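Participant: Quick one: this structure, given as structure tokens, is what I'll be asking you about.
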Amino acid sequence: MAERRRGRELEDALLDAAWDELVERGYAGFTMDAVARRAGTSRPVLYRRWPDRNHLVRAAVIHASERNPVEAPDTGSLRGDMIGLLRRINATRVHLATIMSIQMAAYYQETGTSPADLREFAKAGRRNLLDDIFERAFARGEIDPAHVTERMKSLPFDLLKQEFFMTFRPVADAVIEEIVDTLFLPLVTEGRKSPEATRG
């Protein structure tokens with residue numbers, strides 16, 4: 001007789017099953033019955049934790065994103081940190097971005113939300129990866145905090161996501177370097193000398 005799952009083990013199994021259903025069928029074909037069958041449990045077990053499929057799908061997406069957490073690198077320079085972070089996202093987030101774009105379309109329509117809303121919900125209570133990167137860059141004097149806006153900070157990631165959505169594949173490393181070197185860095189360092197230029 002199989003050992004009865006409880007607590008975190010059970011919840012992880014339910015969320016894994018929900019994510020697999022979402023990947024295979026999309027939100028339009030996502031049902032609580034199908035998730036219960038895949039997880040080898042009953043609908044009441046699901047409903048005790050999530051009141052409807054909207055809440056379960058949202059929890060499954062967050063669960064999937066947390067299975068491979070992305071950490072902010074500390075290379076000693078803003079350029080190195082941004083390229084390193086984009087590389088880590090490129091290596092681990094293409095599949096998730098594709099699912100959130102294609103398979104979740106019906107979810108956004110039904111709930112009146114957007115991918116940005118879901119992302120903000122997932123980030124609630126967690127420190128933004130960019131905070132550490134930019135605080136170090138400010139302290140090193142690489143950029144002026146009065147000049148850098150939130151939209152500037154998010155630009156490299158918005159461009160990377162656009163590449164994901166156009167190809168559904170990881171981008172070439174040269175693309176990441178181009179985003180940082182030709183678009184991001186000139187924008188955030190406008191009017192300032194690099195530490196290398198200052199030493200020269």
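Participant: Quick one, can you get me the convex hull of the C-alpha atoms of the range 82-127 expressed as volume per residue in Å³?
Facilitator: 77 Å³
Participant: Can you grab the distance from the C-alpha centre of the range 1-41 to the C-alpha centre of the range 97-112, Å, no decimals?
Facilitator: Rounded to whole Å, the Cα centres lie 19 Å apart.
Participant: Taking only protein heavy atoms and a 1.4 Å probe, what accessible area per residue, in Å², does the range 1-98 have with all protein chains in place?
Facilitator: That works out to 52 Å² per residue.
Participant: In nm, what is the difference between 0.36 nm times the number of residues separating ALA122 and PHE168 and their Cα-Cα distance?
Facilitator: Taking ALA122 through PHE168 to full extension adds about 14.4 nm, to one decimal.
Participant: Can you order the peptides 94-103, 40-49 by their average number of other Cβ atoms within 10 Å per residue, highest first?
Facilitator: Details: 94-103: 17.5, 40-49: 13.6.
Descending mean neighbour count gives 94-103, 40-49.
Participant: Ignoring ligands, DNA and RNA, please state the percent of accessible area on the chain from carbon and sulfur, probe 1.4 Å. Can you show the working numbers first?
Facilitator: Details: 5820 of 11420 Å².
On the chain, the fraction of accessible area on carbon and sulfur atoms equals 51 percent.
Participant: In sequence order, what are the phi-derived ³J(HN,Hα) couplings for the range 11-17 according to the Karplus relation 6.51 cos²θ - 1.76 cosθ + 1.60 with θ = phi - 60°, rounded to whole Hz, with x for glycine and proline?
Facilitator: 5, 4, 5, 5, 6, 4, 5
Participant: Report the full-extension gain for the segment GLU177 to ASN54: residue separation times 0.36 nm, less the Cα-Cα distance, to one decimal in nm.
Facilitator: 40.5 nm
Participant: What share of Cα pairs, in percent, lie more than 26 angstrom apart in the chain?
Facilitator: The answer is 44 percent, as a whole percent.
Participant: Over the range 68-164, how many percent of alpha carbon pairs lie in each 10 Å bin up to the one with the longest distance?
Facilitator: Histogramming the range 68-164 at 10 Å steps yields 13, 43, 32, 11, 2 percent.
Participant: Then there is this: By how many nm would the segment from ARG8 to SER154 lengthen if fully extended, with 0.36 nm per residue of separation less the alpha-carbon distance?
Facilitator: Between ARG8 and SER154, full extension yields 49.2 nm more.
The values are calculated or read from the model by the stated rules, or taken from the named source; none is laboratory data. Nothing here was measured: the structure is a model prediction, and the numbers come from that model. Using ideal geometry, Cβ is built from the backbone for each residue, glycine included, and neighbour counts are taken over all protein chains shown. Note: accessible area is taken over every heavy atom of the protein model, side chains too, but ligands, DNA and RNA are not part of it. Shrake-Rupley method; radii C 1.70, N 1.55, O 1.52, S 1.80 Å.
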